[in-house]
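Okay, so here's the structure we're looking at.
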C-alpha cells in the first residue's frame, strides 16, 4: 500500500526522498515503513535524488531562475549539497546568458535608462537568484552609461 502510493507519486514526476517521505507521511503511512520503502525504491532505481535534481535544475533554469534560488529550492527539498552542486555546475557564461535572457524578457532589449531603472532590474535579477556580480555584468555599469 505504501509502495503503491510512492510509485504513483513517482509516476507523475521525480521526487526527492525528502519530498516523497513528507507526502507519504501526510497520507498517514507509518514512518518506519516509509523509510524502508523509499530505500527499496532508490535501490531499484525508481527514485533518485540525482535525477530529481537534474529535472529540477532544468525546469527552474528554464523559467529564468538563477543558481542561488535553485540551490535553495533543492536544499528545501532535502537534496544533498554535493548533488545540487553537480547539477548547478554550469559555465558562468551560461548562467550570465540566462540572467540576460530573464532581464530581456522582463524589461526588453534596451539598457537601463537611469539609476532607478538599473536598481529595479538588479532587484528583479537578485530576486530570481542571480548573484550580484552576475547582475552587474548583465546590466553593465551603474546607470547603464547614462
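Compute the acute angle (0 to 90°) between the alpha-carbon long axis of helix 115-127 and the principal axis of greatest extent of the alpha-carbon atoms of the chain; round to the nearest 10°.
10 degrees
Helix-only mean residue ellipticity at 222 nm, the chain, DSSP H runs n ≥ 4 weighted -39,500 (n - 2.57), per residue, nearest 500. What is it?
Here the helix-only value at 222 nm equals -21500 deg cm²/dmol.
For a label point 7 Å from the Cα of residue 101 along Cα→C-beta, name the residues of the range 62-89 whose backbone N is under 16 Å from it.
Under cut-off, by backbone N: 62-68, 70, 88-89.
What distance in nm separates the two pseudo spin-label positions at residue 3 and residue 81, each 7 Å out from Cα along the beta-carbon direction?
3.6 nm
Over all alpha-carbon pairs of the range 2-47, lay out the pair-distance distribution in 10 Å bins, whole %, shortest bin first.
Result returned by the calculation: 31, 64, 5.
If a/c stays under 1.5 just call it rounded; otherwise compare a/b with b/c (prolate if a/b is bigger, oblate if not). Do that for the range 49-89, with a ≥ b ≥ c from the square roots of the Cα gyration tensor eigenvalues.
Prolate shape, in that a/c is at least 1.5 and a/b is the bigger ratio.
Looking at the range 91-146, I'd like the Rg to Rh ratio, where Rg is from alpha-carbon atoms and Rh is Kirkwood's inverse mean 1/r.
Using Cα coordinates only, the ratio equals 0.92.
Please work out the FRET efficiency for the pair residue 93 and residue 10, using the Cβ-Cβ distance as r and a Förster radius of 25 Å; give the result to the nearest 0.05.
Once rounded, the FRET efficiency stands at 0.10.
Rule-based calculations on the coordinates, nothing more; no lab input. Just so we're clear, the structure is a prediction, and the values are computed from it rather than from any experiment. As a convention, Cβ positions derive from the backbone with ideal geometry for all residues, glycine included, and neighbour counts pool all protein chains shown.
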